[in-house]
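The values are calculated or read from the model by the stated rules, or taken from the named source; none is laboratory data. Remember, it's a predicted structure, so these values are computed and weren't measured experimentally. Here the Cβ positions follow ideal geometry from the backbone for every residue, glycine too, while neighbour counts run over all protein chains shown. Only protein heavy atoms, including side chains, enter the accessible area calculation; ligands, DNA and RNA are left aside. Shrake-Rupley method; radii C 1.70, N 1.55, O 1.52, S 1.80 Å.
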Amino acid sequence: MTTDECVIAADGVRRRYAGGFEAVTGISFSVARGEIFALLGTNGAGKTSTVELLEGLARPDGGTVRVLGHDPYRGRAEAVDQMVEVQRIARASQQEVRDVVPGCREADLSTELVGAQGVLKAAGIVCDVTGDGGGQLPAAVQSALGWAVREAATEVLRHGDPRLCPIRLSASADGVVLDAENDGAPCTAAGESGSGLSALDGSLDAGPVGDGMFRLTARIPLTRGESRPAALEGRR
């Protein structure tokens, strides 16, 4: 495949996080101009980590990445501009699918919690989930809280070397609150864009809470008539 035909090339790419967890283990692939290409896998399989390498948001720990013939991590304007446009088109396409496909499935909170536990456990981090389950929450609320779970797990893996990351979900007649704490990775509220929190009048806060602990908190009010989730025993 010539340079003009190949727009994305990954060769033996690896990516490791704090604690030694290797999210991407030597993946190789190429994408031709005009080709429809998908990364498939379970939560924690390394899909987002791979896309972030293609976007130039992180440097590979092994192997090479090329977008339009350039290393995206070095910030070549040609590649960066193209990836920004790809992101815009992808988001617009996703929304169009949700608008036209009946019953298009939103993120399932329980699935996101299990996925976060799995990837954190693989990195040697204890993640206990306690409180209320999210099975009876509205789909939009589950999707927004699922985003918060992914955000918390990503921060922990990227920016620290914690041992613990407990997650608590609690609900009342007024709303639902998700707290994710850890003992080693400073949390930052990266913004609510794409989370669905703003549309639900929700909020996201993050920062230190003392004793070397950091906490990310997502709050979403529940309107009258919306379901309160059933109790869930702590997962281990």
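Points worth noting:
- Pick from the stretch 20-49, criterion touching a residue at least 40 places away in the same chain (Cβ under 8 Å) and touching a Leu at 6+ places or on another chain (Cβ under 8 Å), ranking: surrounded by the most Cβ atoms within 10 Å (Cβ to Cβ): Ala23
- Answer residue from the stretch 119-130, given it is open to solvent by 40 Å² or more (accessible area, probe 1.4 Å) and within 19 Å of Thr48 (Cβ to Cβ) and is modelled with the lowest pLDDT among those: Ala122
- Just one of (1) hydrophobic (A, V, I, L, M, F, W, C); (2) assigned to a strand (DSSP E or B); (3) under 22 Å from the mean Cα position of the chain (by Cα) fails for Phe29. It is (3).
- Out of Glu155, Glu181, one residue alone is within 18 Å of the chain's Cα centre (by Cα), under 30 Å from Val24 (Cβ atoms), at pLDDT below 90 and open to solvent by less than 60 Å² (accessible area, probe 1.4 Å). It is Glu155.
- Beta carbons closer than 6 Å, at least 6 apart along the sequence or on distinct chains, pair a first residue in the stretch 140-163 that is within 25 Å of Pro221 (Cα to Cα) with a second that is assigned to a loop (DSSP other than H, G, I, E, B) and open to solvent by 40 Å² or more (accessible area, probe 1.4 Å) for Ser143/Glu106.
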